[in-house]
Amino acid sequence: MRKLIIAIDGPVGSGKSTVARRVAELLGYTHLDSGAMYRAVAWKALRAGVPLDSPVDLERLAGAVRIDLQPRGSKLHVLLDGEDITDQIRTTDVSRAASVVAAVAGVRRPLVEEQRRAGAQGGVVMEGRDIGTVVFPHADLKIYLDASPEVRAARRLKELEEKGEDSNLAKVLADVRERDRRDREREASPLVRAGDAVVVDNTAMDAEETARVIVLLAQERAKAASV
Ligand code: DC
């Protein structure tokens, strides 16, 4: 059967990463997390002291770094200029900085190019905010994953607690709403549902159920594409 390009977009905490990883595993595809690339640029900006309110400096930085996404076992490793920063990019500070950095059109350009290159052959599940709208507008299957803000915040809090970060639901919910606002209202490639995306609301579904629904849709599309 033909190897598809599957785009999964959605807001923070919608379960994109867990679901995309599992869908890729079930189909034998490669999982690509485009958000990790924006996080990598943000991490580098914080470390190098590049001001987050300077689009010109951020654009220069994004054009100068090399970001590699390397699947190893079930984990996707993120390398920036050869340095493994997989775990460092998951902190609250980097999350906040990433949503600022991702609003800069000049930062997005080289990263989108790289994402297109990485997915061009098909057999990929790429997750992000603009995969079905900008990166792969002709993706074989587009999913818009969503869940209520409260459930998304609870998931995010659990993740933070597992990493030993101190937080609470009200704080995380405020942060989720702020990142939603930035991702949806920015001018450059805002988070919007592609007209031809299938909306999957997983407020009341776990990641495994969500992944299996998407796999069924993918199998249907692959079959239709092969006849
Ligand atoms: O999915 P994530 O939380 O790891 O993404 C980090 C940030 O990058 C988030 O603020 C949204 C942004 N992003 C984006 O603008 N476009 C993408 N394709 C992926 C992520």
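Rule-based calculations on the coordinates, nothing more; no lab input. Everything numeric in this text was worked out from a predicted model, so none of it was measured. Positions of Cβ are backbone-derived with ideal geometry, glycine not excepted, and every protein chain shown enters the neighbour counts.
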Gaussian network model of the chain, Cα within-10 Å springs - most flexible of Met205, Met126, Met37: Met205
Principal axis dimensions, segment 72-144 - Cα atoms, whole angstrom, descending: 33, 32, 24
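Nothing charged except the Cβ atoms of Lys and Arg (+1) and of Asp and Glu (-1): what's the magnitude of the dipole of segment 95-227 about its Cα centre? Round to the nearest 20 debye. Walk me through the numbers on the way to the answer.
On the way: 23 positive and 24 negative charges, 86 e Å.
Once rounded to the nearest 20, the dipole reads 420 debye.
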Label-to-label distance, nm, for residues given as Gln121 and Thr86 (7 Å Cα→Cβ offset): 2.1
Residues with amide H under 5 Å from that of Gly123, placed H, sequence gap 5 or more: Leu4, Ile5
Extended-chain gain in nm, criterion 0.36 nm per residue less alpha-carbon gap, Ala225 and Ala105: 39.8 nm
